[in-house]
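Colleague: This is the structure, below, for whatever I ask next.
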Amino acid sequence: MKLVEKNKIGYFEAILSITLNIILFGLKYWAGIVSASVAIIVDAWHSLSDSFSSIILLFGFKISDKPADKEHPFGHGRAEFISAMIIGTILAVIGVNFLIASIQKFRTREAASFGTFAIIIITVSIILKEIMAQFAIWGGKKTNSKLLLADGWHHRTDAFTSLIILAGIFLGKYYWWVDSALGVLMSLLIFYASYDILKSSTSALIGEEPGEELKNNLIELIKSRIDTPIHLHHLHIHDYGNHKEVTFHIQLQPNIKLREAHKTADEIEKMIRDELKMEATIHLEPFNKKDD
């Protein structure tokens, strides 16, 4: 996918998220105050945090869109990973605050008083947030964007927590502690989302082992175009977000001429660039039977 199209999807998702989450925050916060529900108020702040996350997403796409320069020869694509880490950190902080508020309410034996208004607002929130999550995750998979996927899962956790709150509303009239318990459960869900986002982003920044699918794609691509026997090893991938580099060693017949070997490497690099959208750096070695 072209970078321009990728960023268009990212910008649209971010603006849509900011707008809808601010509206949801206002409605949920109002419903939480009316119901005296810490779970709904916490959910409101969760929705507002999605707006903050989407603002970070906008900046992330803006920075990652910048072309390579002298100081950053591989571009600025890793700004996506850093932005996703910020989103994960925000989620963790929110989860801690929610957990503290829920425990305090449990200790004081405060009960919520849910009404029809709260039920309507939470139901609308579940529907909207799941639609937003579906769109962001679709965009993330389509554009291979960790930042969009992180924002999508952020939306989905909000939908899950709202669904749990809706279930708790109907149980609240039987058990006074339901609202506090929901707050604790929501915090745990947020912690899990935070861990998943941070793990994925930091792993990409540190560097990951190429997957078997990529290895197989490379081998099949080379075999489909090159008649000369080639032995591929020492495969490494360098992910810079919008720009990816792949390096590996290939063994050729020891009696092959240097010009022919260089031509073979050029053909492979062009195939990888055209088919897999990656820049390749290839190290040539003579083939030895003992290395087979």
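Colleague: I'd like to check something: does segment 109-128 contain any residue that is of a type in the set (A, V, I, L, M, F, W, C), at pLDDT 85 or above, under 25 Å from the mean Cα position of the chain (by Cα) and within 30 Å of Ser203 (Cα to Cα)?
Modeller: No, segment 109-128 contains no residue that is of a type in the set (A, V, I, L, M, F, W, C), at pLDDT 85 or above, under 25 Å from the mean Cα position of the chain (by Cα) and within 30 Å of Ser203 (Cα to Cα).
Colleague: Out of the residues in segment 236-253 meeting the condition of being touching a helix residue (DSSP H, G or I) at 6+ places or on another chain (Cβ under 6 Å) and in a strand (DSSP E or B), tell me which one is modelled with the lowest pLDDT. I'd like the intermediate steps shown before the answer.
Modeller: Taking segment 236-253 first, the residues touching a helix residue (DSSP H, G or I) at 6+ places or on another chain (Cβ under 6 Å) are 239, 241-242, 252.
If we keep only those that are in a strand (DSSP E or B) too, we end up with 239, 252.
Numbers: Asp239: 71, Leu252: 79.
Residue satisfying both the conditions and the ranking: Asp239.
Colleague: If the requirement is being in a helix (DSSP H, G or I) and touching a residue at least 24 places away in the same chain (Cβ under 8 Å), which of these qualifies: Ile131, Ile126, Ile120? Walk me through it before giving the result.
Modeller: Working: Ile131 fails: touching a residue at least 24 places away in the same chain (Cβ under 8 Å); Ile120 fails: touching a residue at least 24 places away in the same chain (Cβ under 8 Å).
Ile126 is the lone residue from the list that is in a helix (DSSP H, G or I) and touching a residue at least 24 places away in the same chain (Cβ under 8 Å).
Colleague: Which pairs do you get when a residue that is within 8 Å of Leu48 (Cβ to Cβ), found in segment 19-33, comes within reach of a residue that is crowded, with 16+ Cβ neighbours inside 10 Å and of a type in the set (D, E, K, R), reach meaning Cβ atoms under 9 angstrom, with the pair 6+ apart or on two chains?
Modeller: Pairs found: Asn21/Asp50; Asn21/Lys129; Asn21/Asp158; Phe25/Asp50.
Colleague: Okay, moving on. Quick check: anything in segment 177-196 outside any helix (DSSP H, G or I), touching a Phe, Trp or Tyr at 6+ places or on another chain (Cβ under 8 Å) and of a type outside the set (S, T, N, Q)?
Modeller: Yes.
Colleague: Another question, if that's okay. Tell me whether segment 156-165 contains one or more residues that are assigned to a loop (DSSP other than H, G, I, E, B) and either without any contact (Cβ under 8 Å) to a residue 12 or more places away in the chain or surrounded by 23 or more Cβ atoms within 10 Å (Cβ to Cβ) (or both).
Modeller: no
Colleague: Inspect segment 142-160 for any residue being in the same structural domain as Met186 (by TED's automatic domain parsing), charged (D, E, K, R) and within 14 Å of Ser187 (Cβ to Cβ) and give the result as yes or no.
Modeller: Checked against the condition, which is being in the same structural domain as Met186 (by TED's automatic domain parsing), charged (D, E, K, R) and within 14 Å of Ser187 (Cβ to Cβ), segment 142-160 yields at least one hit.
Colleague: When you scan segment 3-26, do you find a residue that is modelled with pLDDT under 75, assigned to a helix (DSSP H, G or I) and among the small types (Gly, Ala, Ser), even just one?
Modeller: yes
Colleague: What pairs come up if the first residue lies in segment 244-269 and is in contact (Cβ under 8 Å) with a residue 60 or more places away in the chain, the second is of a type in the set (A, V, I, L, M), and their beta carbons are under 9 Å apart, counting only those six or more places apart or on different chains?
Modeller: Here the result reads Glu245/Ile237; Glu245/Met278; Glu245/Ala280, each pair linking segment 244-269 to a residue that is of a type in the set (A, V, I, L, M).
Colleague: State the number of residues belonging to segment 94-143 that are under 16 Å from Ala31 (Cβ atoms), buried (at least 21 other Cβ atoms within 10 Å of the Cβ) and of a type in the set (A, V, I, L, M, F, W, C).
Modeller: Residues in segment 94-143 being under 16 Å from Ala31 (Cβ atoms), buried (at least 21 other Cβ atoms within 10 Å of the Cβ) and of a type in the set (A, V, I, L, M, F, W, C): 5 in total.
The values are calculated or read from the model by the stated rules, or taken from the named source; none is laboratory data. Computed from a predicted structure; not experimentally measured. All Cβ positions, glycine included, derive from the backbone under ideal geometry; neighbour counts span all protein chains shown.
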